[in-house]
Amino acid sequence: MMSEHFKIVIIGSGPGGLSAAARAAEHGISHLLLEAAPHVANTIHHFQRGKPVMAEPAVLPLRSSMSFAAGIREHILETWREELTRYQVNYRVGATVTNITGQSGSFQITLASGESLNAEFVVLAIGVQGNIRKLAVPGEDLPMVQYHLDDPDEFRNETIVVVGGGDAGVENALALAGQNRVILVNRQEEFSNCKEANYDQLMAAVTQGKIETRVSTLTERIDALAQDTFNLAYVAQTPEGHEQINCHRVIARLGAKPPRQLVESFGVCFPNSDSTSVPQLSEQYESNVPGLYIVGALAGYPLIKQAMNQGYEVIEYILGNPVEPADEAFLREKFADVPDIHSVSEGIKLLRANQPLLAPLTTLQLREFMLDSTICVLPRGEVIFNRNDYSNSFFSILEGRVAIQTEGQNGKEAVYGVKAGNFFGEMGLLSGRRRSGTAIASSDCVLVETPRRSMLKLLYSASGVQRKLDEVSLKRVVRSCIDTSLPERELDYLVQGAQPKRYAVGDVLFNEGDKADGLYMIRRGSVTVSRMVDGKEVVLAYISAGNYVGEMALVSNQPRSATVRAASPTEVVLLEAVRVADVLGRNTSMRRKVDSRYLEQVRSDEYAPSSESSELINFLMGQGVGEATDVLLIDYARCIRCNNCETSCANAHDGTSRLDREAGSTYAQIHVPTSCRHCEHPHCMKDCPPDAIHRSVNGEVFISDNCIGCGNCQTNCPYGVIQMAVKTEYKKRSIWQVMLGTGKLSGKTGEVETGSLPKKAVKCDMCKDIIGGPVCVRACPTGAAFRMSPEDFMEYVK
Amino acid sequence: MNMMQGATLLKYKNYRYLKATSLLMLLAITAYALIRPAGGESYGGTWLGYLLGIISTLIMFFLMWYGITKRRITGSPERRKLRTRVARSTEMADQARLERRKTRKKTRVLSGAMLQEWLSAHVYLGASLIVLVSLHTGFHFGLNVHTLAYVLMLLVISSGFYGLNVYLNYPRLITLNMTEDTLDNLLLKIAELDELAGTRALGLPDEVNTLIMKARRETRIGGTLFQQLSGDQKDCPTRIAVQQMLHLGAKYNQDDQPKIMRDLYSALLRKEKLVLRARTEIMLKARLECWLYLHAPLGIALLAALAAHIVSIFFYW
């Protein structure tokens, strides 16, 4: 059997794939666009009805045969459908690719149907959503069996079986339960895979009889019924035997298979095992498999406009047409201020030559790097950042010199210089904490300032960068943690063979009674030090990044006197005991510092907190306060439950309160309300497509106006403090309204007519734009509400 | 456990307002004792009387302003917009950096618990009025608008003292009573127990069923203002049912009846506890709030009487 032959096969019909296919069609080359789902642009298709789609980043021009502008889902899909017909794009839906073999010029693509295709070039634009898992039982494709839920209000008075005990399944079941009979089926014995808030709601719904559940239950088959009342018979194996449930509809939410494994099976390499790592690509989006190109989210570009631009460009590159990348003009402007640089390629060259850290990057990665970075041309004496600022961008020095002033342990200032070709600011970046020193331009200099997200992305996607960064940063960590005056040669000796180690929350660094293996420099996260007292574990101290633990046993030559546990995701550098002892022997100044720290520790042990306070600390750590920088606590022994904190928060922030006083846990009269803690490494920042979540110099984590309302941050926040809300015109009550008690009182959300207005993520910004500070604290009449950092409460609890 | 935090309402800033008002009262008392007006009799019409009157009136306005402040804590409208904008273009980035450098020089003034300070002052100044205004009257009372204003003031202040008392003592009790539960949660559990008891009692004689049904239908949580404030229901059917079950237990002891009776008894007992907790919660919250419904309207009434008092004294001239 002859298999069909195409010049270009494009896999995945998201924005990137569609744009590539349209460009190929416009050129009149033989092409085929393959889509596994039953629709093109499946992800956008499954956005909720009327959802506004944004077109970030605004500065980037769109270059594609297809059009795209911010608008609602329906409009965008409609336009694309028209354009597909107009360009006569050759596409096929419901075609899942299972394998790609061969090489440039002769690829064989195998489909799930068993069919095989030939292609000279392949463009992979499959995104990162992965293929939705199906039930894999007979009847999985029946018409009333669905794998997503767009609008729960669409269904009324139906009997619906929801399969899947994860968040998606539970959320769907809850949303449907109001107006339908819902049976939630879970393969496992308990609903342990969903978020606590969902779990609580589910349990409440179950006790109220709104949802029925079946646990330890496996789907066997689904039959179509030819009767009036029910269309489906859902058959499952329960612990009691087979059960048939007649229903109108089955909704299965079983997650998706991440595409990485599939992509790797095509021969594409990823630089490391981190889940955020993206395949290494050439400037022309070509992967390590010649002829196989990757664009869009899979290549690390999650925004629609970027993907569409790349779809266009990749076709031009395949055809050998020179195209100026869409970001060229934008980048040219960035380099405009740099003396003696006239073009982007010159700038990129300078970057590569003067910053060895960036040398392992491809030109494509460098361009991406520059897109987010800013070039600062600074005169001598200019302050770049101050000690104790909460900024976490990373600086590379292209030209000139920079002086870093840090405060030594004895209060004296220590200054060291950093030359061109070096970098600084990595400590703030890695620790997520305040700057440990002040940086000042000591000559006229040219710097590249890179925001946290781009830098982290770089570290995950290019292993060479991480290694190079570690070489320098380990020494700096040691220097700043222990002794700022330690000579370079001793530093070299100390860090030889030292490797960064990572710990999850609750992991033990070392146990009381262990043999001392070395000194632990905490470069990220925080730990608690505890000891067994009368058979109970008592927390003695909380130690944050930028400090070290483990010196007690080293100095005293005894086994470990306490247990050290990670209080938040922690990264430490372990210095070998032998090396530390050697260096201590040779350097009296370091010896003195470690000794004084030892004595301090011995003294503070005498004031160990009571077991009651220790319980309170444990409770707070359990609430995730360990990774917070500033958390709102309420002393319930004083809180008169007037909710003035919420009301005034809403008043200060356009009518939406960013805190929920009543929710949250309480222990020993200390209540942790649902409110942002401004984590050291904010979970919400992890996956924000337009990079709209930032941390200000004072430490507040806030969401800026370019939020596209995707809801990723809401999902990623383990503390449930982010809401999606419609931004409305909000009028404050005038003084007369207050006196007369008229005008709308603001409170929680949901009072405003939302309609189809775009929703954006809303969270506490610690009132950073309001002089006087957080209104929740200021509005508390009895002083019950207060904000604290973990270091503070260790002090207070004692 | 107040160790986590600064001072309470009364101790705020090391008794700053206690000290200030004590000084004020001391001055007033000394002046009253030393300065004997011409006629030999002190009252509102002497210069000292006028002075005390004016001071007290100002204090009253200040106290009332607390009600406004409480609802208007939103901070200054001056917003540092620039800093929040995302620095995207180079120009904007430069601007933002400049701005950043400027603002970081300003140390952030965290005025802390602002409303707490207001309330602390409110409490002490309010209490000081008892002394100041009494001196202002020169202890002349009669059946007139002046004494009416004085009496109203005393009522406002006493309701305030009640409020202070509940504010200081009840929050702790609320937490102890509710732990991590919410009222809705308790009500849900109570409904479940009712359901359970109802089905369990079906096989038993009518006497028991009526008892259980009565406990289910007639137990009231909340109810009238008086019931809310007392945290009790007279002849609470659940309590009666628990007592009755003990007697009935001896009566119905055939076959599996004892077991069912035991189950019912334990369910009712659990329910009684929950009902008590729910009522306590409502009682505490009601007491925490109810006084405000006197304090504020009486305050307004005082304002009116005060206006009449001030206007009328002009006719004495």
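Details
- Residues in the stretch A:362-383 that are within 11 Å of A:THR450 (Cβ to Cβ), part of a strand (DSSP E or B) and either among the polar types (S, T, N, Q) or touching a Pro at 6+ places or on another chain (Cβ under 9 Å) (or both): A:THR374 only.
- Evaluation of B:ILE68 against the conditions (1) surrounded by 14 or more Cβ atoms within 10 Å (Cβ to Cβ); (2) within 8 Å of chain A (Cβ to nearest Cβ); (3) at pLDDT 55 or above shows that the sole unmet condition is (1).
- Residue check for B:GLU272: among the acidic types (Asp, Glu), assigned to a helix (DSSP H, G or I) and in contact with a Ser or Thr (Cβ under 9 Å, 6 or more places away or on another chain): yes
- The stretch A:132-163 - residue that is under 32 Å from the mean Cα position of the chain (by Cα) and crowded, with 17+ Cβ neighbours inside 10 Å and, of those, modelled with the lowest pLDDT: A:ILE132
- Listed by first and then second residue, the pairs linking a residue in the stretch B:176-189 that is closer than 16 Å to A:TYR667 by Cβ and within 10 Å of chain A (Cβ to nearest Cβ) to a residue that is among the charged types (D, E, K, R) and surrounded by 13 or more Cβ atoms within 10 Å (Cβ to Cβ), with Cβ atoms under 6 Å apart and 6 or more places separating them unless they lie on different chains, are B:MET178/B:GLU281.
- Filter result for A:THR43 (closer than 21 Å to A:GLN306 by Cβ, more than 14 Å from chain B (Cβ to nearest Cβ) and modelled with pLDDT of 90 or more): no
- Taking the stretch A:474-487 as the range and being buried (at least 21 other Cβ atoms within 10 Å of the Cβ) and either of a type in the set (Gly, Ala, Ser) or under 18 Å from the mean Cα position of the chain (by Cα) (or both) as the test, only A:SER480 passes.
- Condition check for A:PHE702 on (1) modelled with pLDDT under 90; (2) over 21 Å from A:SER544 (Cα atoms); (3) not acidic (Asp, Glu): one failure, at (1).
- Pairs where the first residue, in the stretch A:610-622, is within 13 Å of A:GLU537 (Cβ to Cβ) and the second is part of a loop (DSSP other than H, G, I, E, B) and modelled with pLDDT of 85 or more, C-beta under 6 Å, 6+ apart: A:MET621/A:ALA567
- Residue match in the stretch A:384-393 (condition: within 24 Å of A:VAL59 (Cα to Cα), away from chain B (no Cβ under 11 Å) and outside any helix (DSSP H, G or I)): yes
- Counting residues in the stretch A:694-709 that are over 23 Å from A:MET54 (Cβ atoms), more than 14 Å from every other protein chain (Cβ to nearest Cβ), out of contact with any helix residue (DSSP H, G or I) (no Cβ under 6 Å at 6 or more places or on another chain) and surrounded by fewer than 21 Cβ atoms within 10 Å (Cβ to Cβ) gives zero.
- Flag if A:CYS645 is in contact with a Lys or Arg (Cβ under 8 Å, 6 or more places away or on another chain) and modelled with pLDDT of 85 or more: yes
- Filtered by the rule that a residue be touching a helix residue (DSSP H, G or I) at 6+ places or on another chain (Cβ under 6 Å) and either at positive phi or part of a helix (DSSP H, G or I) (or both), the stretch A:394-428 gives A:GLY421, A:GLU426.
- Inside the stretch A:124-136, residues that are part of a loop (DSSP other than H, G, I, E, B), under 18 Å from A:GLY165 (Cα atoms) and touching a residue at least 60 places away in the same chain (Cβ under 8 Å) make up a count of 3.
- Residue under evaluation B:SER266, criteria (1) modelled with pLDDT of 90 or more; (2) not in a helix (DSSP H, G or I), criterion not met: (2)
- Subset of the stretch B:54-65 [within 14 Å of chain A (Cβ to nearest Cβ) and without any contact (Cβ under 8 Å) to a residue 40 or more places away in the chain]: B:PHE61, B:TRP65
- Residue count, the stretch B:222-256 (criterion: of a type in the set (S, T, N, Q), in a helix (DSSP H, G or I) and under 26 Å from B:ASN209 (Cβ atoms)): 3
- Just so you know, in the stretch A:762-798 the residues that are more than 7 Å from chain B (Cβ to nearest Cβ) and basic (Lys, Arg) include one that is nearest to A:THR629 (Cα to Cα), and it is A:ARG787.
- From A:GLY347, A:GLY311, residue being buried (at least 21 other Cβ atoms within 10 Å of the Cβ) and either part of a loop (DSSP other than H, G, I, E, B) or over 28 Å from the mean Cα position of the chain (by Cα) (or both): A:GLY347
- Complete set of residues in the stretch A:630-666 that are at the interface with chain B (Cβ under 9 Å from one of its Cβ atoms), buried (at least 20 other Cβ atoms within 10 Å of the Cβ), within 26 Å of B:ARG287 (Cβ to Cβ) and more than 26 Å from the chain's Cα centre (by Cα): A:ASP635, A:TYR636, A:ALA637, A:ARG638, A:CYS639, A:ILE640, A:ASN644, A:THR647, A:SER648
- One residue stands out among those in the stretch B:162-175 that are aromatic (Phe, Trp, Tyr) and facing another protein chain (nearest Cβ under 8 Å): the one that is farthest from the chain's Cα centre (by Cα), which is B:TYR170.
- Checked against (1) at the interface with another protein chain (Cβ under 9 Å from one of its Cβ atoms); (2) at pLDDT 90 or above, B:PRO77 passes all but condition (2).
The values are calculated or read from the model by the stated rules, or taken from the named source; none is laboratory data. Note that the coordinates shown come from a computational prediction; the quantities given were computed from them, not determined experimentally. Backbone-built Cβ (ideal geometry, glycine too); neighbour counts: all protein chains shown.
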